[in-house]
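Please treat every number below as a calculation from the coordinates, not as lab data. All figures in this text were calculated on a predicted structure; none of them were measured in a lab. Note that we place each Cβ from the backbone using ideal geometry, even for glycine, and neighbour counts take in every protein chain shown.
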Amino acid sequence: MPISLAKFADQLYPPPAADKDYGYGKRKDGTNKGPGFLGELLRPDGDVSTELSIGVNIRGKETEIPALVPSLNKEEIDHLLSGGEPTKAIIQKAVDHAKTRITDGKSPFFGAADEE
């Protein structure tokens, strides 16, 4: 039995992974929060953080991105987890990380597609 062109295209270019519900709640845009690039991080108040989203301008558009990215050092992570406002250096690292992912056709946030 011949395969349809649409089915063949789906096999070559599978649709993006669904917006997986990790149980961390929703972002402002309604998408599910994920485990983040650094995993669950314990805050001084005993709760956990995974993303700590911030709004920034990327390519002329207000964009929500995670502040907790792999390029942060321990002091910067501890600063954010203790409730400190993101510094210019933290914001720049987060923007650089997000721009790279967006250029690669990915969400700025860790998600189901990163698990594959």
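If only the Cβ of Lys and Arg carry +1 and only the Cβ of Asp and Glu carry -1, the dipole of the stretch 20-115 around its Cα centre is close to 380 debye. Restriction of the GluC sites (Glu not before Pro) in the stretch 31-64 to DSSP coil positions whose beta-carbon has at most 15 other beta-carbons within 10 angstrom yields Glu40.
In a DSSP loop and with at most 12 other Cβ atoms within 10 Å, the trypsin sites (Lys or Arg not before Pro) in the stretch 56-103 are Arg59. Sequentially through the stretch 23-32, phi angles give Karplus couplings (6.51, -1.76, 1.60; θ = phi - 60°) of x, 9, x, 10, 7, 4, 7, x, 7, 6 Hz, Gly and Pro residues having no value and appearing as x.
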